[in-house]
Amino acid sequence: MEKTIRQEHRYSHPIQAVWSAISDAEKISAWFIKADFKAEAGYNYIFQHENTVIEGQVLEASPVHTLVYTWIVKGTGVETTVSWKLKEEGDETVLELEHSGIENYPTDEMVTTMFNNFNGGWVACAGNLAKYLTDPNSVNED
């Protein structure tokens, strides 16, 4: 059973633009989810969309390369960790996304469900990020 999501996405945009999009609350709110967020270690953030609230704490923020935070879907009491690592390769920025700790959910069924939900969600987010980087007005805000 898979317990850690690992995805790699490539963007034909400068690393600083990708970093800014994943670390600035206003930009996160434009392409991902309404965010009260600061890329500062120790910051307690909140992401909110309709009835879903995600809370956590920034563990590491090393511009422009690493952003790591805990991820707690409100009401579950389960802490997982999301890690974004950026690197430049030629004209591209490579984003390595890892979502770990999914095995902390209490049952195998929940682990499988959350893994699938998170994995599909991150794929959709990567697509929204690509659209946002190309045209910041292309992604609708909620």
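Candidates 78, 82: the one that is of a type in the set (A, V, I, L, M, F, W, C) and over 13 Å from the mean Cα position of the chain (by Cα) is 78.
Within region 77-93, being in a strand (DSSP E or B), closer than 26 Å to residue 10 by Cα and not hydrophobic (A, V, I, L, M, F, W, C) holds for 80, 81, 83, 85, 87, 88, 89, 92, 93. With respect to the conditions (1) within 25 Å of residue 138 (Cβ to Cβ); (2) modelled with pLDDT of 95 or more, residue 62 falls short on a single one, namely (1).
Considering region 18-57, and only residues there that are loosely packed, with under 15 Cβ neighbours inside 10 Å and within 20 Å of residue 138 (Cβ to Cβ), the residue that is modelled with the lowest pLDDT turns out to be 49.
Only one entry of 137, 119, 104 meets the criterion of being in contact (Cβ under 8 Å) with a residue 60 or more places away in the chain and on the phi < 0 side of the Ramachandran plot, and that entry is 119. Out of curiosity, is residue 79 surrounded by 13 or more Cβ atoms within 10 Å (Cβ to Cβ) and at pLDDT 95 or above? Against the criterion (surrounded by 13 or more Cβ atoms within 10 Å (Cβ to Cβ) and at pLDDT 95 or above), residue 79 qualifies. Residue count for region 1-50, restricted to those that are touching a helix residue (DSSP H, G or I) at 6+ places or on another chain (Cβ under 6 Å), basic (Lys, Arg) and closer than 16 Å to residue 70 by Cα: 1. Is it the case that some residue within region 94-102 is part of a helix (DSSP H, G or I) and surrounded by 13 or more Cβ atoms within 10 Å (Cβ to Cβ)? Scanning region 94-102, I find at least one residue that is part of a helix (DSSP H, G or I) and surrounded by 13 or more Cβ atoms within 10 Å (Cβ to Cβ), so the answer is yes. Please give the number of the condition residue 72 fails out of (1) under 24 Å from residue 10 (Cβ atoms); (2) modelled with pLDDT of 95 or more. It is condition (1) that residue 72 fails.
For region 1-19, residues that are of a type in the set (Lys, Arg) and within 16 Å of residue 120 (Cα to Cα) total 2. Of the residues in region 7-21, at least one is assigned to a helix (DSSP H, G or I) and without any contact (Cβ under 8 Å) to a residue 24 or more places away in the chain.
Pull up region 46-76, narrow it to residues that are of a type outside the set (Gly, Ala, Ser) and part of a loop (DSSP other than H, G, I, E, B), then point me to the one that is nearest to residue 114 (Cα to Cα). By that ranking, first place goes to 76.
The values are calculated or read from the model by the stated rules, or taken from the named source; none is laboratory data. These numbers come from a predicted model, not from an experiment. All Cβ positions, even for glycine, are placed from backbone atoms using ideal geometry, and neighbour counts span all protein chains on display.
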